[in-house]
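**Student:** First the structure, which I've put down as structure tokens, then a few questions once you've had a look.
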């Protein structure tokens with residue numbers, strides 16, 4: 001598993017350090033690093049009780065390696081009991097010429113020594129996703145299939161892949177591909193997958209978006225995928241791809257594919273766009289990206305994670321009442337707009353699609369056709385990108401106000417900055433990249449230019465994504481067990497029908513939206529009961545109805561002066 005270097009122009013060496021938590025005691029770290037050093041032609045010289053200097057045989061310094069006992073990890077579920085034996089935390093600090101050796105050492109420790117999730121942690125993920133857990137024992141099981149799963153390495157991804165294993169796909173016939181975002185705990189997810197017997201590697205979104213610049217990396221992962229598909233077919237297994245916008249675009253579902261999958265689920269709108277631009281499909285692909293489950297439930301959780309990550313990464317910045325420009329008013333942007341307005345932000349919405357822009361205007365937002373128009377009309381504190389297309393252009397750069405913050409919640413919105421070396425830049429660890437522009441002005445791109453809600457975070461809760469992951473499993477099960485599969489092409493209604501027939505909506509409503517314990521009978525057309533035991537509905541009581549109490553009972557679409565609203 002590779003680690004993206006954070007090194008940029010004008011950066012100091014200590015800006016590029018990385019850490020990895022390993023399940024080894026401190027006294028074994030020296031041996032693990034020494035084994036790596038000897039295998040790569042370096043020396044590992046002891047510089048202190050818990051410090052090694054990684055050097056070339058000529059004595060040139062490559063990296064400093066330090067370690068200490070790791071503190072027990074904070075629990076990520078209220079059900080998780082504190083665990084002992086937290087292992088060791090290793091810090092790798094490259095010297096000016098040692099970026100590549102430092103990254104190789106990080107990969108070595110990650111691949112061979114990173115700490116998988118403990119049984120208690122895995123149980124916390126499973127119990128935190130009750131709908132997915134309930135649907136992971138379908139009848140008949142998913143025998144006779146292999147699966148290629150590509151998505152962000154997050155806890156809910158662990159929940160989904162382990163659920164597919166419980167549903168009948170053997171561990172040795174599961175290949176997982178990381179999208180390359182700097183998600184919190186990605187090393188542990190990779191270690192967990194490999195410990196369970198899956199094949200885990202990287203298909204970086206940056207490589208998919210710019211294949212000409214990443215030919216060797218794409219060739220290497222392509223060999224892994226090709227070999228997996230061929231081995232599955234030789235064993236008499238069909239191959240299901242669960243793709244988050246990259247693998248199908250590389251031709252694995254077309255007539256001309258030498259190593260073709262047999263069926264697929266597409267999880268993202270960007271993936272749909274790539275499929276549309278590729279040769280015609282020869283396999284059925286279920287469109288989960290525009291399914292009712294993701295549109296009505298998944299995107300609410302994604303929008304919530306975006307706003308929570310923005311506020312977390314800017315702990316000293318005032319957002320309430322401040323001017324913000326929002327690029328894109330689609331499924332994600334419109335939900336973010338409502339949340340920002342509920343905070344009291346003064347919002348200007350930009351969208352190039354006129355019907356969408358009219359919708360934003362009639363929802364009460366100030367609107368502009370272009371970012372240029374918006375920058376001429378307002379001086380934003382933050383510019384938020386949700387379009388997935390290049391939204392910031394060279395013409396906009398002179399109009400950016402000093403100290404503005406750019407928050408990308410889709411990869412390409414601010415790519416003009418990251419892809420053009422003309423702008424002087426400095427990495428700010430834990431925050432992003434600061435650019436110096438003529439003026440002089442400084443602007444800060446939060447995160448690494450990719451989705452900010454995934455930057456050093458695991459901000460979509462497992463419980464929040466539970467229903468969408470369950471819907472994905474239901475769709476996968478329906479597609480792989482039906483006697484009348486849909487024809488080649490992309491299908492949305494087919495997925496929605498399967499999810500409805502399985503009773504997911506009834507189960508979700510009973511679990512989260514009623515006042516009474518789950519007692520509904522199994523809905524017709526699916527083996528899954530309309531209720532999931534062991535969980536109480538997600539409701540709250542507000543004690544006191546003064547100024548603060550009224551604020552707590554407001555819905556995102558209510559004004560502060562709204563007289564009534566939903567009652568707690």
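**Student:** So which residues in region 271-290 are under 15 Å from the mean Cα position of the chain (by Cα) and in a helix (DSSP H, G or I)?
**Tutor:** If the condition is that a residue be under 15 Å from the mean Cα position of the chain (by Cα) and in a helix (DSSP H, G or I), then 271 is the only one that fits.
**Student:** Continuing with the same structure: Select from region 385-399 the residues that are in contact with a helix residue (DSSP H, G or I) (Cβ under 7 Å, 6 or more places away or on another chain) and surrounded by 15 or more Cβ atoms within 10 Å (Cβ to Cβ) and list them in ascending order.
**Tutor:** 386, 388, 391, 392, 396
**Student:** Return the total of residues in region 241-254 being assigned to a loop (DSSP other than H, G, I, E, B), surrounded by 19 or more Cβ atoms within 10 Å (Cβ to Cβ) and more than 20 Å from the chain's Cα centre (by Cα).
**Tutor:** Number satisfying all stated conditions: 2.
**Student:** Of the residues 496, 466, only one is outside the structural domain of residue 385 (by TED's automatic domain parsing), within 30 Å of residue 310 (Cβ to Cβ) and either in contact (Cβ under 8 Å) with a residue 60 or more places away in the chain or part of a loop (DSSP other than H, G, I, E, B) (or both); which?
**Tutor:** The conditions single out 466.
**Student:** How many residues are over 14 Å from residue 443 (Cα atoms) and without any contact (Cβ under 8 Å) to a residue 40 or more places away in the chain if we restrict to region 369-414?
**Tutor:** 11
**Student:** Could I ask something else about it? Which one of these is modelled with pLDDT of 95 or more, closer than 30 Å to residue 171 by Cα and not in a helix (DSSP H, G or I): 261, 257, 293?
**Tutor:** The conditions single out 261.
**Student:** Condition first: closer than 17 Å to residue 397 by Cβ and in contact with a helix residue (DSSP H, G or I) (Cβ under 9 Å, 6 or more places away or on another chain). Now tell me which residues in region 420-431 satisfy that.
**Tutor:** 423, 425
**Student:** Which of the residues belonging to region 189-199 are surrounded by fewer than 24 Cβ atoms within 10 Å (Cβ to Cβ) and not in a loop (DSSP other than H, G, I, E, B)?
**Tutor:** 190, 194, 195, 199
**Student:** All but one of (1) at pLDDT below 95; (2) more than 18 Å from residue 169 (Cβ to Cβ) hold for residue 481; state the number of the condition that does not hold.
**Tutor:** Status for residue 481: all satisfied but (2).
**Student:** Further, regarding this structure: For region 534-542, check the following and say yes or no: at least one residue is surrounded by fewer than 18 Cβ atoms within 10 Å (Cβ to Cβ) and modelled with pLDDT of 95 or more.
**Tutor:** Taking every residue of region 534-542 in turn, none turns out to be surrounded by fewer than 18 Cβ atoms within 10 Å (Cβ to Cβ) and modelled with pLDDT of 95 or more.
**Student:** For residue 461, work out the one condition from (1) in contact (Cβ under 8 Å) with a residue 60 or more places away in the chain; (2) within 16 Å of the chain's Cα centre (by Cα); (3) assigned by TED's automatic domain parsing to the domain that holds residue 394 it doesn't fulfil.
**Tutor:** For residue 461, the exception is condition (3).
**Student:** May I pose another question? Picking from 336, 347, 326, which residue would you name as being in contact (Cβ under 8 Å) with a residue 12 or more places away in the chain, in the same structural domain as residue 400 (by TED's automatic domain parsing) and either over 17 Å from residue 310 (Cβ atoms) or assigned to a helix (DSSP H, G or I) (or both)?
**Tutor:** One residue alone meets the criteria, 336.
**Student:** Of (1) in a helix (DSSP H, G or I); (2) touching a strand residue (DSSP E or B) at 6+ places or on another chain (Cβ under 8 Å); (3) buried (at least 20 other Cβ atoms within 10 Å of the Cβ), residue 224 satisfies all except one. Which?
**Tutor:** All conditions are met except number (3).
**Student:** Going through 376, 406, 392, 445 one at a time, which residue ends up being outside any helix (DSSP H, G or I), in the same structural domain as residue 339 (by TED's automatic domain parsing), out of contact with any strand residue (DSSP E or B) (no Cβ under 6 Å at 6 or more places or on another chain) and within 22 Å of residue 322 (Cα to Cα)?
**Tutor:** When all the criteria are applied, what remains is 392.
**Student:** I would also like to ask the following. Looking at (1) touching a residue at least 40 places away in the same chain (Cβ under 8 Å); (2) touching a helix residue (DSSP H, G or I) at 6+ places or on another chain (Cβ under 7 Å), which one does residue 199 not meet, given that it meets all the others?
**Tutor:** If we test residue 199 against (1) touching a residue at least 40 places away in the same chain (Cβ under 8 Å); (2) touching a helix residue (DSSP H, G or I) at 6+ places or on another chain (Cβ under 7 Å), just (1) comes out false.
**Student:** Additional query: With respect to the numbered conditions (1) in contact with a helix residue (DSSP H, G or I) (Cβ under 6 Å, 6 or more places away or on another chain); (2) buried (at least 19 other Cβ atoms within 10 Å of the Cβ); (3) within 28 Å of residue 455 (Cα to Cα), which one is the sole condition not fulfilled by residue 367?
**Tutor:** (3)
**Student:** Look through region 307-321, keep the residues that are touching a helix residue (DSSP H, G or I) at 6+ places or on another chain (Cβ under 9 Å) and not in a helix (DSSP H, G or I), and return whichever of them is surrounded by the most Cβ atoms within 10 Å (Cβ to Cβ).
**Tutor:** 319
**Student:** Taking residue 287 as meeting all but one of (1) surrounded by 18 or more Cβ atoms within 10 Å (Cβ to Cβ); (2) farther than 21 Å from residue 174 by Cβ; (3) at pLDDT below 95, write down the number of the exception.
**Tutor:** All conditions are met except number (3).
**Student:** Moving on to the next point. Name the single residue, out of those in region 473-493 being in contact with a strand residue (DSSP E or B) (Cβ under 8 Å, 6 or more places away or on another chain) and in a helix (DSSP H, G or I), that is surrounded by the most Cβ atoms within 10 Å (Cβ to Cβ).
**Tutor:** Applying the filter and picking the extreme gives 476.
**Student:** Can we say residue 103 is assigned to a helix (DSSP H, G or I) and free of Cβ contacts under 8 Å to residues at least 60 places away in the same chain?
**Tutor:** Spelling it out, it is not the case that residue 103 is assigned to a helix (DSSP H, G or I) and free of Cβ contacts under 8 Å to residues at least 60 places away in the same chain.
**Student:** Would you mention how many residues in region 413-442 are in a loop (DSSP other than H, G, I, E, B) and in contact with a strand residue (DSSP E or B) (Cβ under 9 Å, 6 or more places away or on another chain)?
**Tutor:** 4
**Student:** Which is in a helix (DSSP H, G or I) and at pLDDT 90 or above, of 91, 177, 131?
**Tutor:** Being in a helix (DSSP H, G or I) and at pLDDT 90 or above holds for just one of 91, 177, 131, which is 131.
The values are calculated or read from the model by the stated rules, or taken from the named source; none is laboratory data. Just so it is clear, the structure is predicted and the values come from calculations on it, not from any experiment. Note that we place each Cβ from the backbone using ideal geometry, even for glycine, and neighbour counts take in every protein chain shown.
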